[in-house]
Amino acid sequence: MKFINYMKRIKIILAFVSITIVAIVFESCGGKREPNYTYMPDMAYSRAFEAYDSNNLKNENINYIPYPVEGTIRRGDLFPYPLPNDSNGYKMSAQIKDPLPPLDTIQMAEAQRLFNINCAICHGPKLDAQGPLSTGGKIPAVANLTLKQYVEMPVGTMFHVVTYGKNNMGSYASQLTREQRWMVIQYVKSQQLKGSAASDSTKSSGTAAKDSTTIKK
Ligand code: HEC
């Protein structure tokens, strides 16, 4: 009897030992979060790069490059815009003329495409500030470009704003070439004219018809 008791104890001890061994084996295989011995740390731990970290955003060489490199001209692009990004530059921009000839139908379709990609998320495809970022509340105070003050806004001022950004609107200088920016503005102007012609004709007065014919020129 004593011998049997002794065997039982040994069995219990063996059971414990084997459970411990299994646990250790599983632990050492399963715990892959931390490598055991790292002789090339760069391979085990990648260097974290926080893309939206404010320090990284400040360093224009690393991540987001809002402006093209100063003094460079992209092959085939127009000459640099001369006015500085300050309040005086904004005022003077009204004098800047559109260097492009009026767009033909194919170029206008391209300008519309560029507008829909770059601008419509805020300003909306109809220019009425009904883009998803605006209606969703992500970007407050988006300009409704169908309003009189923007219909009357000189093209140079629009170019200035698209080049440098303004308040909640960012710069498009590195996304769109100068030529593309002017194209987008011609598109905006053409849509604004369509809009004002349409609203004139709803007034159903004699002058409205005259207005829309003058606009067609
Ligand atoms: C992220 C949202 C956003 C996008 C995208 C955007 N805008 Fe704007 N835009 C704004 C906001 C907000 C304002 C109002 C700025 C202010 O006056 O405070 C504005 C203002 C303007 C104005 C009036 C500027 C003035 O001086 O009052 C024009 C013109 C304009 N945008 C054109 C464009 C064009 C063209 C594009 C595409 C290339 C574009 N925007 C893309 C948000 C945006």
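The values are calculated or read from the model by the stated rules, or taken from the named source; none is laboratory data. Computed from a prediction, not measured in an experiment: that's the story for all the values here. Using ideal geometry, Cβ is built from the backbone for each residue, glycine included, and neighbour counts are taken over all protein chains shown. Calculation scope for accessible area: heavy atoms of the full protein, side chains included, ligands and nucleic acids excluded. Shrake-Rupley method; radii C 1.70, N 1.55, O 1.52, S 1.80 Å.
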Compute the distance in nm between two label points, each set 7 Å from the Cα along the Cα-to-Cβ direction, one at Lys8 and one at Asn167. 8.6 nm
Quick one: with all protein chains in place, what share of the accessible area of the stretch 78-199 is carbon or sulfur, to the nearest percent (1.4 Å probe)? 60 percent
For Tyr187, Tyr81, give me the order by solvent-accessible area with a 1.4 Å probe, most accessible first, ignoring ligands, DNA and RNA. Tyr81, Tyr187
With +1 on each Lys and Arg Cβ and -1 on each Asp and Glu Cβ, how big is the dipole of the stretch 84-182 about its Cα centre, in debye rounded to the nearest 20? 200 debye
Averaged over every viewing direction, what's the projected area of the C-alpha convex hull for the stretch 81-216? Give it in nm², one decimal, please. 8.8 nm²
